[in-house]
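Below is one structure, written out as structure tokens; the observations come after it.
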Amino acid sequence: MKRFITCLMVVFIAGYAGASSSSVAAQYTDAQTLNMLGIVKGDGGDFLEDKTLTRAEAVTLILRLSAEAASDSNSSLSFADVKDGTWYYDAVYEAADQGIVNGYPDGTFRPDDVVSRRAFLKMILEVQGYDYKTDFLWEEVDAYGVAENLITDEYDAGDFVRRDAFNIIVNLLKRPLKDSGVQYIEAMKTQGIITAGQYDSVHEIMSFSNVEIEAVKVPVMNHIVIGFSEDIAVDIEDVSVVITDRSSKAQKTVSESGC
């Protein structure tokens with residue numbers, strides 16, 4: 001049964017008095033969530049989250065978010081270094097046709113070049129419905145990213161990796177399309193980019209991803225009060241609290257329905 005909890009959720013821990021600390025464990029990483037949607041494929045179960053993101057990889061991710069993605073490209077554009085038969089061929093030309101990416105004056109695309117955070121954010125804003133040079137300029141990309149809750153800070157440390165890109169995409173899925181106001185992941189389901197089953201499998205996970213724990217109190221024995229940053233809806237049967245006894249380093253996971 002769904003229960004709406006205003007700011008505080010109470011979890012009763014029965015029969016285990018030796019706990020000295022607690023935390024609510026996240027079930028899925030951003031990479032795993034996107035894998036469930038078919039957006040991130042990985043390499044034999046490894047999502048290479050600490051690896052830098054290339055231009056070819058970036059446009060492939062972007063096109064997996066878009067209903068306009070084509071299985072075969074009939075582009076009139078031509079890049080000297082993007083050959084038919086390469087795994088990124090269709091994605092590069094489709095993204096170029098949509099105006100999401102451009103080539104270089106020498107006629108190349110440079111698919112193996114590393115993508116910066118700002119360059120990736122520019123693509124994300126465009127698939128969200130913003131028009132580059134009409135709605136925002138290059139120097140405004142970071143500010144728009146913060147305003148759309150895609151990133152938390154305009155400062156770019158310059159060490160952008162795949163994990164960061166996955167986080168931006170997950171944040172996008174929770175944001176509304178610019179013109180329609182429909183949540184992006186909802187639009188993906190409506191447009192047939194993802195199935196209803198895929199949508200259902202990640203929607204509840206994503207609804208918690210921006211909620212932070214603000215306080216944990218133990219007013220009486222076996223009674224933990226957890227304060228959240230916003231109101232949440234939860235199936236209490238799915239709540240998992242990991243209890244660690246520092247004296248023994250043992251952990252015990254407890255799921256109770258006492259709320």
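Side notes on the structure shown:
- Residue, surrounded by the fewest Cβ atoms within 10 Å (Cβ to Cβ), within segment 142-162, restricted to residues that are without any contact (Cβ under 8 Å) to a residue 12 or more places away in the chain and β-branched (Val, Ile, Thr): Thr152
- One residue alone among Tyr89, Tyr93, Tyr104 is surrounded by fewer than 16 Cβ atoms within 10 Å (Cβ to Cβ), free of Cβ contacts under 8 Å to residues at least 60 places away in the same chain and out of contact with any Pro (no Cβ under 6 Å at 6 or more places or on another chain), and that residue is Tyr104.
- Scan of segment 187-229 for residues that are at pLDDT 80 or above, under 19 Å from the mean Cα position of the chain (by Cα) and among the hydrophobic types (A, V, I, L, M, F, W, C), ordered by number: Ala187, Met188, Ile193, Ile194, Ala196, Val202
- Out of Asp97, Asp142, sole residue that is farther than 30 Å from Gln32 by Cβ, charged (D, E, K, R) and assigned by TED's automatic domain parsing to the domain that holds Asp43: Asp97
The values are calculated or read from the model by the stated rules, or taken from the named source; none is laboratory data. Here the structure is a predicted model, which means the values were calculated and not measured. Backbone-built Cβ (ideal geometry, glycine too); neighbour counts: all protein chains shown.
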